[in-house]
Amino acid sequence: MTAAGYTTHVARGRALGVDRTTAARVGSGDLPPSAAIIARALHLLDRRFDDLFVVLPDDGATCP
């Protein structure tokens, strides 16, 4: 988001419709982005999912 001109957590939060602390926590990896944040980022930046996000393997837990 920095390359698009959103250089502060405040600017990123406003653009994504979340509080600056949420934007900071998502940006640092401390909080996974919600579906709404992902959708807003894709739309705002006109990018594909794979351009902005990396899907990591889960911790090995299986679903019943």
Any residue at all in segment 24-47 that is of a type in the set (A, V, I, L, M, F, W, C), more than 10 Å from the chain's Cα centre (by Cα), at negative phi and surrounded by 10 or more Cβ atoms within 10 Å (Cβ to Cβ)? yes
Among the residues of segment 2-23, write down those that are under 11 Å from the mean Cα position of the chain (by Cα) and not aliphatic (A, V, I, L, M). Arg12, Gly13, Thr22
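Computed from the coordinates by the stated procedures, all read-outs in this text should not be read as laboratory data. This one's a predicted model, so the numbers in the text were calculated from it and none came from an experiment. Because the Cβ atoms are built from the backbone with ideal geometry, glycine has one as well, and the counts that use them run over all protein chains shown.
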